[in-house]
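Data block below; observations after.
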Amino acid sequence: MSIAAFNTGNNPLYLVLGMLLSLILLSGLLSELTLKDLEVSRQLPSRIFAGQPVLVGLTLVNRKRRLPSFSLQVRERIEGLKRTDWPSSYVLRLDPGAKLDTFYQHTFPRRGVWQLQGFEIATSFPFELFRKAVAIEEPQAVIVFPQPAPVQGLLLWEHFSGSSQLRPQPGQEGDYLALRPYRPQDDVRSVHWKISAKRDQLVVRELERPRSQAIVLCFENRWQPRGESPEAHRNKLERAVERCAGILTYLIREGYPVALATLQTRTAFGADLPHLDWLLALLAQLTFVGDPQLGSQGPSNSPTGFSLTPQDRCLLLAHPPQEGEAVPGHLVEPGSLLQFIPIE
């Protein structure tokens, strides 16, 4: 169009060229105004599992006093993912001074710590001629738990030999444990009226919560391919992490106090959901001893067993013995092994 206008000197062509240029300038100006003074924040769920879709809430705020924003595409910038894989949400209109709640759905493909870098807000308003974007920095680390695998072949007994019981804990049933002052959330039926009358204050009976056997789940997180390709062995170890997560979830839901022991660390016992989340977070960040991707470890620095006591009762999730070898009981204290679960 511009070449034809200059060559012919035709005034209508100059007029059309000027109109097209003005549309381009107007498009850029309106796009710039649309993206101006926008704020975005995210609301993450408390638990995120690898391979499971998750909804992440977004809150958009238009700080402009008079001008609305149109046709906004909000993308979450995630480190390690291609731009085309960034999850997004679309907003048609955001009025001046308004706040809008929306969401996006995303599936994290693997466990670990993911870095959310911030947002990209883009628009092609008003003529779809150009796409303009602005980046908003809001870094946040997200721990993605391993997906718990179904529990199969787990043998548990309510009564074990030896004593690895934890101290009695207060609960709603069981034997008498202690007396304590009344709290607003206590059941009135638990008030000890005679003692309360003597002390001139409300006193309640605290009963002992039934105790379950404390169990240590020992996970041999060692890189030990034995003729497998690195990719196949890594997939097998990742399945073992998922199985470990499934066993921990099952034990805590059944009321067992559980500790996790790996070749690098040992946790305390716990039997509630916050403790389970802590264990799953440890598994999310777990590395494998001797993994070539992490660099070589010298034999003197390579751990050979777990940090256990003679009173511990252990479930051992470890590499199966080679032909002619016994069950790898050398990894745990003698007599503490309840069940051997092979990594396969």
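Among the residues of segment 222-266, those identified as among the charged types (D, E, K, R), under 19 Å from L338 (Cα atoms) and not in a helix (DSSP H, G or I) are E254, R266. Exactly one residue out of R47, R63 is modelled with pLDDT of 95 or more and surrounded by 14 or more Cβ atoms within 10 Å (Cβ to Cβ): that is R47.
Starting from residues that are within 28 Å of Q224 (Cα to Cα) and charged (D, E, K, R), keep the ones in segment 238-276 and report whichever is modelled with the lowest pLDDT.
R266
Every residue, every condition in (1) closer than 26 Å to F49 by Cα; (2) of a type in the set (S, T, N, Q); (3) surrounded by 12 or more Cβ atoms within 10 Å (Cβ to Cβ), yes or no:
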residue	(1), (2), (3)
K82	yes, no, no
V91	no, no, yes
F103	yes, no, yes
T123	no, yes, yes
A133	no, no, yes
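Just one of the listed residues (L129, L177) is modelled with pLDDT under 90, within 30 Å of L92 (Cα to Cα) and more than 29 Å from the chain's Cα centre (by Cα), namely L129.
Within segment 211-235, if we keep just the residues that are modelled with pLDDT under 90 and open to solvent by 80 Å² or more (accessible area, probe 1.4 Å), the residue that is nearest to L331 (Cα to Cα) turns out to be R226. Identify, please: which residue in segment 296-317 is open to solvent by 50 Å² or more (accessible area, probe 1.4 Å) and among the small types (G, A, S) and is, among those, modelled with the lowest pLDDT? By that ranking, first place goes to S300. On the basis of being loosely packed, with under 13 Cβ neighbours inside 10 Å, of a type in the set (S, T, N, Q) and closer than 19 Å to I143 by Cβ, does Q117 make the cut? Against the criterion (loosely packed, with under 13 Cβ neighbours inside 10 Å, of a type in the set (S, T, N, Q) and closer than 19 Å to I143 by Cβ), Q117 does not qualify.
Annotation note: Cβ proximity below 7 Å between a residue of segment 134-146 that is farther than 25 Å from E238 by Cβ and a residue that is open to solvent by 50 Å² or more (accessible area, probe 1.4 Å) and part of a strand (DSSP E or B) (sequence gap 6+ or interchain) occurs for P139/Q115; P139/Q117.
Within segment 332-343, residues that are assigned to a loop (DSSP other than H, G, I, E, B) reach partners that are β-branched (V, I, T) with beta carbons closer than 9 Å, at six or more positions or on different chains, in the pairs V332/V216; E333/T309; S336/V216; S336/T309. Pairs are defined by a Cβ separation below 7 Å, a sequence spacing of at least 6 or placement on different chains, a first member in segment 189-207 that is closer than 14 Å to A178 by Cα, and a second member that is surrounded by fewer than 12 Cβ atoms within 10 Å (Cβ to Cβ) and at pLDDT below 85; the pairs so defined are R205/Y176; E206/A178; L207/Q172; L207/E173; L207/D175; L207/Y176. Within segment 9-44, the residues that satisfy the criterion of being over 25 Å from R131 (Cβ atoms) and modelled with pLDDT under 80 are G9, N10, N11, P12, L13, Y14, L15.
Q293 falls short of the stated requirement of being at pLDDT 95 or above, among the polar types (S, T, N, Q) and surrounded by fewer than 20 Cβ atoms within 10 Å (Cβ to Cβ).
R83 falls short on exactly one of the conditions (1) without any contact (Cβ under 8 Å) to a residue 60 or more places away in the chain; (2) touching a strand residue (DSSP E or B) at 6+ places or on another chain (Cβ under 6 Å), and that condition is (2).
The values are calculated or read from the model by the stated rules, or taken from the named source; none is laboratory data. A quick note: this is a predicted structure, and the numbers were derived from the prediction, not measured. Cβ sites come from the backbone with ideal geometry, for glycine too, and all protein chains shown count toward neighbours. In case anyone asks, the SASA skips ligands and DNA or RNA and just uses the protein heavy atoms, side chains included. Shrake-Rupley method; radii C 1.70, N 1.55, O 1.52, S 1.80 Å.
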